[in-house]
Amino acid sequence: MIEKILAFAEKFNMFPAGASVVCGLSGGADSTCLTLCLWELRDKLGIQVEALHVNHHIRGAESDRDEQFCREFCRRLGIKITVEELNVPEYAEEKSMSLEEAARELRYEAFKRNSCGKIIATAHNANDNLETAVLNLVRGSGIKGISGIPPVRDNIVRPLLTSTRSEIEAYLREKGCSYVTDSTNLSNDCTRNKIRHLILPVLAEINPSAVETFISSADTLREENSFIEAETQKALNKCRNGSELSDLQQLPPLIRKRCIARLLADNSVPYTHDRLERFDRLVSEEGKINVRKNIYLISSDNKLRLEKITPQKEQNYTETDLTEGINKLFSDKEVLTEFLFEKNINIPEIVNTKLAIYYLDYDKIIGKLILRSRRFGDKIKLYGNNFTSSVKKLINEKIPLSQRKELHFVEDEMGTVLVEGIGIASRAAPDENTKNYLKITILDSH
């Protein structure tokens, strides 16, 4: 056991000579074993060992029992111990978090406070690693997630990742060392306990060495993930400028998605597998996707960038009566309106939304016509569809970003009948009975 820990620590250069190592000591079998092993290896590794115990005050007298055990354990070995007392239930209620989430967050904050210039060692073992991989798998993680817990992250190291829980308990029996048991670990109330008590035993029935097998699998997955991360970093060095990524289309899809994921993570933007796929498709389009509050991922000019966009205020809205002849709403374009009183006009443009010529059945117009700019919540039931669509969604799909600011809308007293670049409303579309047409042409005024 000691030799296994030593080899794993050396492989990942966990303990530089002379380092001060703070062991996260809960009093359970894993952390007691970790602290004892590093204490025994202190001369060989050239390190100083101390302990940190966090009393979460979740289990009343049992929490105080754990603290007392840790104090006595460290006193016998001559290990310096720091105890932090935290009110996890109060914090969980304040932050609307589960007790498990709150305890983890506060625990790592305590680690950070007590590890300046030091290394934190946590007691995650091989069983924990498999549980984490299963949990990430069912949540929809990629190779990074199913490779499990990283052996080293920042100043946190996990020397027991290749040691199974049975090996840990056997080592403590051999040393005649007792430990405490957290009663909450015995229930199936939290997700991780369900995996531990219900899923891992089934895996052990299929393969009695499931945990040991995953140790080598996790090692392979970590190596593959490390290679992908290295290639991703090379790509980022070339294509990233702050919150902008350029020339992504030339990258392999896997690396491209990792680059996007890194950009999002660095800006604290959460994402799922499905959303990342949607963001990746945006690379080959022009448009924008709202990723969080007023933060948007925008694709234009072969670049993808995160940008904060303040919603347009209502005063930017403008409208005017639509009259025969030339109408002007924006400085760069004009709208020519013509009334045609003849039957059977050849109007192929009606089904081609890319053309700037539109025909409406004039007799189907209700009341006066208004020429206006875009308005929040615009909807239209397009010609040829039997459903109403969000104009925002249609614009994101069909209109290049650079053309969205100055789009013309035509409406009558019943609502929108025309959206520039999108098409006309079904209820105003000409048919075989149309006699009077309204022709609307959008012209570049330059």
*Taking the Cα atoms only, what angle lies between the long axis of helix 29-40 and the longest principal axis of the chain, rounded to 10 degrees?*
60
*Using r as the Cβ-Cβ distance of ARG104 and ARG375, and R0 as 35 Å, what FRET efficiency do you calculate, to the nearest 0.05?*
0.15
*On the first, second and third principal axes, largest extent first, how far apart are the outermost C-alpha atoms of segment 1-147 in Å?*
45, 40, 27
_Just the number please: accessible area per residue for the chain, 1.4 Å probe, all protein chains included, in Å²._
53
*asked:* Can you give the local net charge around GLU224? Use residues other than it whose beta-carbon is closer than 14 angstrom to its beta-carbon, Lys and Arg +1, Asp and Glu -1.
replied: -1
*Report the trypsin sites (Lys or Arg not before Pro) located in segment 347-446 that are in a DSSP loop and have at most 10 other Cβ atoms inside 10 Å of their Cβ, or state none.*
LYS354
*Considering only DSSP states other than H, G, I, E and B, which chymotrypsin sites (Phe, Trp or Tyr not before Pro) in segment 375-440 qualify as loop sites with at most 12 other Cβ atoms within 10 Å?*
PHE376, PHE387
_Where the Cα pairs of segment 183-340 fall when distances are cut into 10 Å bins, in %_ = 8, 23, 18, 20, 17, 6, 4, 4, 0
*Carbon and sulfur: what percent of the chain's accessible surface (1.4 Å probe)?*
49
*Round to the nearest 10 and give me the degree value, 0 to 90, for the angle of helix 61-77's Cα axis relative to the longest principal axis of the chain.*
50
*For the chain, radius of gyration divided by Kirkwood radius, i.e. Rg to Rh on alpha-carbons*: 1.18
*Stokes-Einstein diffusion coefficient of segment 407-446, Kirkwood radius over Cα pairs, 10 °C, 1.306 mPa s, in µm²/s*: 137
_Peptide ranges 237-244, 119-126 listed from the most packed, as the mean C-beta count within 10 angstrom indicates_ = 119-126, 237-244
*Alpha-carbon spread of segment 25-106, three principal axes, descending order, Å*: 46, 23, 19
_I need the P(r) histogram for segment 84-123: all alpha carbon pairs, bin width 5 Å from 0 out to the longest distance, whole percents._
6, 25, 26, 20, 13, 9, 2
_Please report the antiparallel percentage of DSSP beta bridges with both residues in segment 367-434, rounded to the nearest 5._
100
*asked:* If I model a spin label at ARG75 and ASP182 as a point 7 Å from the Cα along the Cα→Cβ vector, what separation in nanometres do I get?
replied: 2.4
*Using only Cα atoms, tell me the angle between helix 210-239 and the longest principal axis of the chain; keep it within 0 to 90° and round to the nearest 10.*
50
_Taking 30 Å as R0, compute the FRET efficiency from the Cβ-Cβ separation of GLN249 and ASP332 and round it to 0.05._
0.50
*Would you mind counting up the charge near ASP444? Only other residues with Cβ under 13 Å from its Cβ, with Lys and Arg at +1 and Asp and Glu at -1.*
-2
_Suppose only helical runs count, i.e. DSSP H with n ≥ 4. What mean residue ellipticity at 222 nm does that imply for the chain under -39500 (n - 2.57) per run, divided by all residues and rounded to the nearest 500 deg cm²/dmol?_
-11500 deg cm²/dmol
*If you average 1/r over all unlike Cα pairs in segment 217-276 and invert the result, what Kirkwood radius do you get in angstrom?*
12.2
*For GLU85 and GLU169, calculate 0.36 nm times their separation in residues minus their Cα-Cα distance, and state this gained length in nm to one decimal.*
27.5 nm
_Potential lengthening between GLU277 and ASN241 on full extension [0.36 nm per residue; Cα-Cα distance subtracted]_ = 10.8 nm
*So how far apart, in nm, are the two label points at LYS4 and GLU406 if each is 7 Å from Cα heading toward Cβ?*
7.2
*For the pairs LYS118/LYS144; LYS288/LYS308; LYS333/LYS398; LYS44/LYS175, note any where the Cα-Cα span goes beyond 23 Å.*
LYS118/LYS144
*Could you check what % of the DSSP bridge pairs in the chain are antiparallel, to the nearest 5?*
75
*Could you list which residues have their amide H under 5 Å from that of LYS333, counting only those 5 or more apart in sequence or on another chain, with H placed in the peptide plane?*
SER445
_Can you tell me the length gained on complete extension of the stretch GLU94 to ARG42, counting 0.36 nm per residue apart and subtracting the Cα distance?_
14.6 nm
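The values are calculated or read from the model by the stated rules, or taken from the named source; none is laboratory data. Because the structure is predicted, anything quoted here is derived from the model rather than measured. Quick reminder, even Gly has a Cβ in these numbers, built from the backbone with ideal geometry, and neighbours come from all protein chains shown. Just the protein is used for accessible areas: all its heavy atoms, side chains included, with ligands, DNA and RNA removed. Shrake-Rupley method; radii C 1.70, N 1.55, O 1.52, S 1.80 Å.
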